[in-house]
Amino acid sequence: MKKLIPILVVLMLFGLSACETKEKFEHIEIETNFGTMEVMLYNSTPGHRDNMLKLVKENFYDGLLFHRVVKDFMVQGGDPNSRGAGPEVSLGGGGPGYQIPNEIGAPHIRGTLAAARNNNPEKKSSGSQFYLVQGKKMTDRELDGFESNKGFKYNEEQRRLYKEVGGSPFLDMDYTVYGEIVKGIEVVDKIAALPLQGVRPTEDVVMKIRYLGKK
């Protein structure tokens with residue numbers, strides 16, 4: 001299967017060094033009852049990368065749910081309280097007991113992996129909760145609006161990706177993106193299409209995450 005987003009493009013979008021693309025990257029596999037995704041973790045976000053690898057190797061995520069789904073936006077999981085949670089349980093507030101300093105930079109192109117967070121002024125990330133961007137294709141007018149609201153400018157390549165591939169640019173510069181799906185983006189679409197009770201799928205989407213090594 002073709003990669004969703006060229007690695008070089010993603011790394012260069014916010015001025016990262018081209019030589020980084022010669023390095024190997026850590027890969028993980030997110031297995032669900034709706035399919036499996038392979039995710040590459042960015043070297044440019046070492047705090048988030050290393051934390052994810054630590055939790056994966058501790059089997060922290062095994063049995064947790066994708067508990068929050070918003071179609072054309074993202075699917076979110078990683079709350080330890082979701083393991084075995086009944087349909088009446090409110091989810092989204094759990095974590096490993098710590099936050100991660102933000103490493104904000106990369107954009108929310110379709111298929112990217114990003115860290116969820118609560119409303120804190122330092123924009124620190126949740127220690128375990130993450131989301132995978134589904135998003136939708138943007139127009140120049142929409143991108144102009146995000147630029148005006150956020151006070152920065154997209155370059156031509158960023159605009160092209162948001163218009164041709166899609167994503168969720170309204171999150172840019174507010175949340176840390178630290179990886180991308182390189183195989184299995186269709187799984188995100190399957191999860192995003194499920195019937196919901198509120199924002200939680202009526203059928204549990206259970207995850208298991210394994211470490212695949214460097215590639």
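The values are calculated or read from the model by the stated rules, or taken from the named source; none is laboratory data. All figures in this text were calculated on a predicted structure; none of them were measured in a lab. Virtual Cβ from ideal backbone geometry, glycine too; neighbours counted across all protein chains shown. To get the accessible areas, we keep the full protein, side chains included, count just its heavy atoms, and leave off ligands, DNA and RNA. Shrake-Rupley method; radii C 1.70, N 1.55, O 1.52, S 1.80 Å.
Looking across Leu132, Leu113, one residue alone is closer than 16 Å to His67 by Cβ, surrounded by 19 or more Cβ atoms within 10 Å (Cβ to Cβ) and not small (Gly, Ala, Ser). It is Leu132. Taken over segment 72-99, the criterion of being among the β-branched types (Val, Ile, Thr) and under 18 Å from the mean Cα position of the chain (by Cα) is satisfied by Val75 alone.
Annotation note: Cβ proximity below 9 Å between a residue of segment 18-44 that is on the phi > 0 side of the Ramachandran plot and modelled with pLDDT of 95 or more and a residue that is crowded, with 19+ Cβ neighbours inside 10 Å and not in a strand (DSSP E or B) (sequence gap 6+ or interchain) occurs for Gly35/Gly184; Gly35/Val187; Gly35/Ile191. On the given criteria, is Ser90 open to solvent by 30 Å² or more (accessible area, probe 1.4 Å), of a type in the set (S, T, N, Q) and modelled with pLDDT under 95? Judged against the criteria, Ser90 is a match. Of all residues in segment 104-153, those satisfying the criterion of being within 11 Å of Gly167 (Cα to Cα) and small (Gly, Ala, Ser) are Gly111, Gly135. Count of segment 74-95 residues, restricted to those that are in a loop (DSSP other than H, G, I, E, B) and farther than 26 Å from Val182 by Cβ, is 13. Can you tell me which residue in segment 45-71 is farthest from Gly35 (Cα to Cα), limited to those that are touching a Ser or Thr at 6+ places or on another chain (Cβ under 8 Å) and in a strand (DSSP E or B)? Among those residues, the one meeting the criterion is His67. Checking each residue in segment 50-87 for being touching a residue at least 60 places away in the same chain (Cβ under 8 Å), farther than 18 Å from Leu113 by Cβ and open to solvent by 40 Å² or more (accessible area, probe 1.4 Å) picks out Lys71, Pro87.
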